[in-house]
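Data block below; observations after.
What follows draws every value from the coordinates through simple rules; no lab data is involved. The model shown is predicted, which means the values in this text are computed figures rather than measured ones. Every residue, glycine among them, receives a Cβ derived from its backbone with ideal geometry; neighbour counts consider all protein chains shown.
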Amino acid sequence: MKSFEPYKLLRPHLRSLKPYSSARNEFEGQARIHLDANENPYPETLNRYPDPLQKILKHKISSIKNVASNRIFLGNGSDEPIDLLIRAFCEPGVDKIITPVPTYGMYRVAAGINHVQIKEILLKESFDIDPDQILKAVDNQTKIIFLCSPNNPTGNCFSREAMLSIVRQFDGLVVVDEAYIDFSSQPGLLTEIDSYSNLVVLQTLSKAWGLAGLRLGMCFANPEIIEILNRIKPPYNISEVSQRAALEALSKHSAYQHTGTIIRDRNNLTKDLSKLSIVEKVFPSDTNFLLVRIKSAEACYRFLQDNGIIVRNRIHEPLCAGCLRITIGTPAENEKLLQTLAEFNPQIEA
Ligand SMILES: *Cc1c(COP(=O)(O)O)cnc(C)c1O
């Protein structure tokens, strides 16, 4: 195994940064009287600062994901670890990240906010990555490669071997965003974080767990990377309300039962969409959405909108000409979508 030292990759000024030490950080034991954090003692609920390291919630996630707690970082959505990773490892105006395209737009935005250059490498026609092409684009300033698998908006998983060959050959961090992994028939790379210290896996409660409103993103990596993120995060980044609600949802498991239903409905919708004459192609999906190539896609998008159905217009994304991205809804919503699409006449509407 190659040696990877996160502290060497870390931006130099952060190596000696002294993180904010909160009252809740400094005292570990059991106390009956808390006079250390300038909290208001009177309200009976939410008057105390939350656990900055979310230990109870991490313990729960640890048992569900079978990953040690010291390999887990929790963020205010996946957006937070995406931003923190760039902020920790990429020097503004100097360093770069690489990502295949088309992909999730947040890597580009987070890089832009941090004044970090992004090199975008076109996926193959098959929507898989070409590891050689990605590795060829690496230079001394390249610190992070973001891979979204299953990929948004193409819906497919990248080849496991291709991703691991990048992890093995790249000297920086490889961040694999697995927001949709629970809808996939592929296992994902979470089991590999023990073997590769430069591998970071992102997951979220926003999709399969049905908790997008909660804003809880999970970042799994070797303990040194987790420690770095903990040092630079806002001290109380996950509110008490979020920690409690997440713990409750994860304890019930019932939210999760919808995953099977959504996969079933995705497969049904794939078949039904394929029968429509305006549909040129429904791409295979490992997610809770379908990328669909449609005749007169722009007009179709507007027609759906006029009929109260909002889908995601992806026609301007590379390799996605004529494509709309459609989230799997309830059976009734999917049926309404099919009916409306059947009424769409490209000759009249376009
Ligand atoms: C939806 C999505 C997420 C989730 O982001 P949150 O901030 O956790 O809601 C992350 N990555 C990708 C690729 C997504 O499509």
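Restricting attention to region 113-164, the residues being within 19 Å of the chain's Cα centre (by Cα), among the β-branched types (Val, Ile, Thr) and assigned to a helix (DSSP H, G or I) number 1. A single member of LYS207, LYS143 is on the phi < 0 side of the Ramachandran plot and away from the ligand (no atom under 16 Å from the Cβ), and it is LYS143.
Here SER78, SER63 are screened, and the one residue that is more than 18 Å from the chain's Cα centre (by Cα) and hydroxyl-bearing (Ser, Thr, Tyr) is SER63.
Of note, PRO92 does not satisfy the criterion of being within 12 Å of the ligand (Cβ to nearest atom) and either over 12 Å from the mean Cα position of the chain (by Cα) or touching a residue at least 12 places away in the same chain (Cβ under 8 Å) (or both). Just one of the listed residues (ILE113, ILE129) is of a type outside the set (Phe, Trp, Tyr), touching a Phe, Trp or Tyr at 6+ places or on another chain (Cβ under 6 Å) and without any contact (Cβ under 8 Å) to a residue 40 or more places away in the chain, namely ILE129.
Within the bounds of region 208-222, is there any residue that is under 22 Å from ILE64 (Cβ atoms), in contact (Cβ under 8 Å) with a residue 40 or more places away in the chain, touching a Gly at 6+ places or on another chain (Cβ under 7 Å) and polar (S, T, N, Q)? No, there is no match, as no residue in region 208-222 is under 22 Å from ILE64 (Cβ atoms), in contact (Cβ under 8 Å) with a residue 40 or more places away in the chain, touching a Gly at 6+ places or on another chain (Cβ under 7 Å) and polar (S, T, N, Q).
Within the set GLU317, GLU280, the sole residue that is surrounded by fewer than 20 Cβ atoms within 10 Å (Cβ to Cβ), of a type in the set (Asp, Glu) and over 20 Å from the mean Cα position of the chain (by Cα) turns out to be GLU280. Of the residues making up region 40-54, those that are surrounded by 11 or more Cβ atoms within 10 Å (Cβ to Cβ) and in contact with a helix residue (DSSP H, G or I) (Cβ under 9 Å, 6 or more places away or on another chain) are LEU46, ARG48, TYR49, PRO50, ASP51, PRO52, LEU53, GLN54. Looking at TYR107 and the list (1) aromatic (Phe, Trp, Tyr); (2) touching a helix residue (DSSP H, G or I) at 6+ places or on another chain (Cβ under 8 Å); (3) farther than 24 Å from PHE220 by Cα, which single condition is not satisfied? Condition not satisfied by TYR107: (3). For region 68-76, the criterion of being more than 16 Å from the ligand (Cβ to nearest atom), of a type outside the set (Ser, Thr, Tyr) and in contact with an Asp or Glu (Cβ under 7 Å, 6 or more places away or on another chain) is met by none of the residues. Within region 190-201, which residues are buried (at least 24 other Cβ atoms within 10 Å of the Cβ) and within 16 Å of the ligand (Cβ to nearest atom)? Within region 190-201, VAL200, VAL201 qualify.
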